[in-house]
1. Could you order peptides 49-60, 78-89, 2-13 by the average number of other Cβ atoms within 10 Å of their residues, highest first?
2. Please give, to one decimal in nm, the separation of the simple spin-label points placed at Ser78 and Ala50, each 7 Å out from Cα toward the Cβ.
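Each reported figure results from applying straightforward, stated rules to the coordinates on display, with no laboratory input. If you're wondering where the values come from, they're calculated on a predicted model, not measured in any experiment. Cβ placement follows ideal geometry from the backbone for every residue including glycine, while neighbour counts extend to all protein chains displayed.
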Amino acid sequence: MTDQQRILQNLQIIIDFLANAPENPEIIAMDCNDHCENMACLAERVAQGAPLEEVLPALQNYHRYWRDCREEFLALVSVLKAEITETMPELPSRCKPTPSSSSES
């Protein structure tokens with residue numbers, strides 16, 4: 001593929017995004033900061049086996065265009081699935097207590 005073909009392909013992707021990305025204000029407003037509880041409830045339902053297209057179809061469509069949101073949502077679903085199935089690995093401690101902090105307890 002030539003540089004010009006790549007440029008045209010990238011432009012087509014941008015045009016498709018601008019023309020087709022969902023503009024549902026309710027979904028756009030449902031970010032992790034302001035609507036964390038709603039997202040957690042949706043993620044729990046998906047982790048328990050409910051298909052996202054049945055739980056909230058508009059969110060599934062939104063995830064097609066907003067990759068960062070999709071990745072964060074899927075990461076949360078993965079953690080919840082691991083908790084449900086009790087396959088969550090033990091995480092190593094990254095910070096060892098200093099001698100002064102361990103004697104303060």
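1. Order by mean packing, descending: 49-60, 78-89, 2-13.
2. 2.3
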